1. Only one residue in B:LEU293, B:LEU226, B:LEU265 is open to solvent by 20 Å² or more (accessible area, probe 1.4 Å) and either within 16 Å of ligand 2 (Cβ to nearest atom) or under 20 Å from B:ALA40 (Cβ atoms) (or both), so which one is that?
2. Restricting to the range B:163-180, and then to whatever is open to solvent by less than 20 Å² (accessible area, probe 1.4 Å) and modelled with pLDDT under 85, can you tell me which residue is farthest from ligand 2 (Cβ to nearest atom)?
3. So, restricting to helices (runs of 4 or more DSSP H) that lie completely within the range B:208-303, which ones have at least 2 residues that are closer than 14 Å to B:VAL328 by Cα and more than 8 Å from chain A (Cβ to nearest Cβ)?
4. Within the range A:34-55, work out how many residues are away from ligand 5 (no atom under 14 Å from the Cβ), under 15 Å from the mean Cα position of the chain (by Cα) and away from chain B (no Cβ under 13 Å).
5. With the range A:1-108 as the region, which strands (runs of 3 or more DSSP E) entirely inside it contain at least 1 residues that are in contact with a Leu (Cβ under 7 Å, 6 or more places away or on another chain) and more than 30 Å from A:GLN156 (Cα to Cα)?
6. Restricting to the range A:183-205, count the residues that are in contact (Cβ under 8 Å) with a residue 24 or more places away in the chain and either closer than 18 Å to A:ARG226 by Cβ or away from chain B (no Cβ under 14 Å) (or both).
Amino acid sequence: MAEPLLQVRGLTTRFRTDGGVVTAVDSVSFDVAAGETVAIVGESGSGKSVTALSILRLIPDPPGKIEKGEVIFDGVDLLKLDDVAIRAVRGNKIAMIFQEPMSSLNPALTIGKQIGEPINLHRKAPWTQAIDKAKELLGRVRIPDAAARVNAWPHQFSGGMRQRAMIAMALACQPKLIIADEPTTALDVTVQAQILDLLKNQAREAGSALILITHDLGVVARYADRVVVMYGGRIVETAPARILYKHPRHPYTKGLMASIPRLDGDTRQRLVPIEGQPPNLALLPPGCAFAARCRMATQRCHDERPPLEAVAENHLKACFLETPAEAHA
Amino acid sequence: MPDATTPIATDEILRVEDLKVHFPVMKGVVIQKQVATVKAVDGISFTLRRGETLGLVGESGCGKSTTGLAVLRMLPPTEGRIIFEGEDIAGYDGERMRHTRRRMQMVYQDPYGSLNPRMRVRDIVGEPLEVHGLGDDRRALRERVAALISMVGLLPDMADRYPHEFSGGQRQRIGIARAMALEPSLIICDEAVSALDVSIQAQVVNLFMELQQRLGLTYIFIAHDLAVVRHISDRIAVMYLGKIVEIATRDELYRDPLHPYTQALLAAIPIPDPELEATRPQQIITGEVPSALRPPPGCRFHPRCPHAMDVCKTQEPPLKGRPGGRAVACHLHP
Ligand SMILES: Nc1ncnc2c1ncn2[C@@H]1O[C@H](COP(=O)(O)OP(=O)(O)OP(=O)(O)O)[C@@H](O)[C@H]1O
Ligand SMILES: Nc1ncnc2c1ncn2[C@@H]1O[C@H](COP(=O)(O)OP(=O)(O)OP(=O)(O)O)[C@@H](O)[C@H]1O
Ligand code: SF4
Ligand code: SF4
Ligand SMILES: [Mg+2]
Ligand SMILES: [Mg+2]
């Protein structure tokens, strides 16, 4: 088999805060193959965005620091590149769609200038050409009247239009890897479907790959080939999408699946959230990060950290619990 | 105004009549000239009963946030009436609006952009109380802020941190705590749970519903997640390009959507099951996304509507009331 496009190995990122040192990403390892769509899911604060930002070395230092690990992209460890070299990768070979479109767009630059910038910078295209390309890209992300809207300011765009402007910017240089952090939270389902199809087709056609960070498990079901589940800064389970939905093995993943509001579900009834509070990442216990909320927890779970181990082909979980299905999986 | 937009009960808290919000599009650097108009909201009417939740859904850019902002008078309405708790606030000046606004709050789509990065969480949440002179008793203020912070599921020691130290979903909860501080009667949630993972989303949705029952809150719940909207709303209004095209009770809308756009919207919802998704036909509405700069003549949905008839190209269908308090704007349902 060919080398994966991206190999993340033992990635660990910490932040120094008043409340102590926060290990936001703790020994995270996963691969992304060319043409593949990998979804990262997990509770708010579980380290999904920090993982993504660490891959591109966009962690603010201080207070943050990538402490350990390797991020091998196209055979090169990005964590070892100098500043000039990593800048040539960002927005060019790897593009990131940030979680918060308003704060990631520059309010003092027109939409067209912002989308055109990477084309001007990395492709050395003259500005008139870059703006033309920006118009085309705005059209592809389904902004109506793209030619007229290319000169608009960010505040004149709706939430979803800003998000699409960010996506247009990410597509500008035909990257090999797109990291999309909640790319469609501000979009209705029809536009969402068009945009995700666009991203996925881009990945398939150009042989590039997509990391999709989302909490929308419907989107994951439709678009992801593989799913990485994070909890408390660690990967707790990873499997092909179909298998994960059918046979979630980790108690957190099971809870996650149960808390989805369903269209066929009972309305006016309480949804079933996972009980308890998310863990304080500055004060994680020595054992399993989920132990305080896990109904299956034993003393061992509190004392020892469960390693991420294979339970079947392509299916890993970090939990001491033996599920009955495992025997014949 | 069609009767159908009126709920049966009389304890009306909000009535919006023929609301329009238009934005000029300017060109030129020194001498600015208006070259076009974005008709973001173009004549919408609805009412809200106290304690009710109205879901507001529709395509990105169709005018949902603009509607919310205009109702709160954070954007000036171009035309129309906004009757909140019996007063027409459409023409209120800043001073009168300041008092009214205490009773109406907004929870935003973009949590980071709406929180002051230089303020600690404690001060962000406590600020509305202080602004309205409710912060003089420092101990009571501290306790109230602590209660709000734990109410939204954040840990007590997070109160002394700054917004950038939080994840997206955690920031969203800070915004909710802040909006709840003054115990307003109307809250407009603009994609308030979209940035949350499902488990916390479930907690926050439950929280919204509990607070509603306890405090009799009224919500306009703007969202694109139709499963969440279904869960929380009593009635739902569907917008398309600046207009309401259908308004119905939740059960009716999901069981029997009448407007072709509503039908397309419901058919596009992803199902959280990869096997079903792989076999299900993908019914995505296609066609050029229309522009609020130049809305199509006749029915605004006609260029993309699978049922479009000749009449649709020239005559705009009015929002017509039907029995049972529902209304639809489509020539198929005269
Ligand atoms: N600049 C920072 N300073 C201190 N702590 C930080 C910083 N950025 C992130 N963190 C912490 O790191 C943890 C992981 O955050 P991250 O943004 O990766 O979460 P996430 O999984 O993306 O959550 P969400 O779904 O809410 O976006 C959180 O506990 C957060 O508080
Ligand atoms: N300040 C402004 N100046 C000019 N145009 C604006 C302004 N604010 C909004 N618009 C335009 O009005 C239309 C409606 O925007 P609005 O933000 O209400 O959409 P929305 O339904 O909330 O969309 P989304 O789901 O993407 O958030 C859009 O075409 C937008 O570009
Ligand atoms: S290791 Fe123990 S505490 Fe952790 S998820 Fe498994 S059973 Fe629960
Ligand atoms: S009025 Fe005509 S074009 Fe418009 S939704 Fe109804 S059938 Fe379709
Ligand atoms: Mg995040
Ligand atoms: Mg909006």
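The values are calculated or read from the model by the stated rules, or taken from the named source; none is laboratory data. Please read all numbers here as calculations on a predicted model, not as lab measurements. Cβ: placed from backbone, ideal geometry, glycine included. Neighbour counts: every protein chain shown. Only protein heavy atoms, including side chains, enter the accessible area calculation; ligands, DNA and RNA are left aside. Shrake-Rupley method; radii C 1.70, N 1.55, O 1.52, S 1.80 Å.
1. Values: B:LEU226 fails: open to solvent by 20 Å² or more (accessible area, probe 1.4 Å); B:LEU265 fails: open to solvent by 20 Å² or more (accessible area, probe 1.4 Å).
Among B:LEU293, B:LEU226, B:LEU265, only B:LEU293 is open to solvent by 20 Å² or more (accessible area, probe 1.4 Å) and either within 16 Å of ligand 2 (Cβ to nearest atom) or under 20 Å from B:ALA40 (Cβ atoms) (or both).
2. Checked the range B:163-180; the qualifying residue farthest from ligand 2 (Cβ to nearest atom) is B:PHE166.
3. On the way: elements: B:226-232, B:250-255, B:260-267, B:274-279.
Where helices (runs of 4 or more DSSP H) fall fully within the range B:208-303 and carry at least 2 residues being closer than 14 Å to B:VAL328 by Cα and more than 8 Å from chain A (Cβ to nearest Cβ), they are B:250-255, B:260-267.
4. Taking the range A:34-55 and keeping what is away from ligand 5 (no atom under 14 Å from the Cβ), we get A:34-38.
Next, only the ones that are under 15 Å from the mean Cα position of the chain (by Cα) stay: A:36-38.
After this cut, where a residue has to be away from chain B (no Cβ under 13 Å) as well, the list is A:36, A:38.
So the count comes out to 2.
5. Strands (runs of 3 or more DSSP E) meeting the threshold: A:6-17, A:20-32, A:37-42, A:64-73.
6. 7
Residue-by-condition table, conditions (1) crowded, with 22+ Cβ neighbours inside 10 Å; (2) not aromatic (Phe, Trp, Tyr):
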| position | (1), (2) |
| --- | --- |
| A:GLN99 | yes, yes |
| A:ILE111 | yes, yes |
| A:ILE115 | yes, yes |
| A:TRP127 | no, no |
| A:ILE131 | no, yes |
| A:ALA147 | no, yes |
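Rundown of residues vs (1) within 20 Å of A:ASP216 (Cα to Cα); (2) at pLDDT 95 or above, yes/no style:
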{"site": "B:VAL198", "(1), (2)": "yes, no"}
{"site": "B:ALA223", "(1), (2)": "yes, no"}
{"site": "B:ARG230", "(1), (2)": "yes, no"}
{"site": "B:ALA237", "(1), (2)": "no, yes"}
{"site": "B:GLU246", "(1), (2)": "no, yes"}
{"site": "B:ASP251", "(1), (2)": "no, no"}
{"site": "B:LEU266", "(1), (2)": "yes, no"}
{"site": "B:ILE269", "(1), (2)": "yes, no"}
{"site": "B:GLU275", "(1), (2)": "yes, no"}
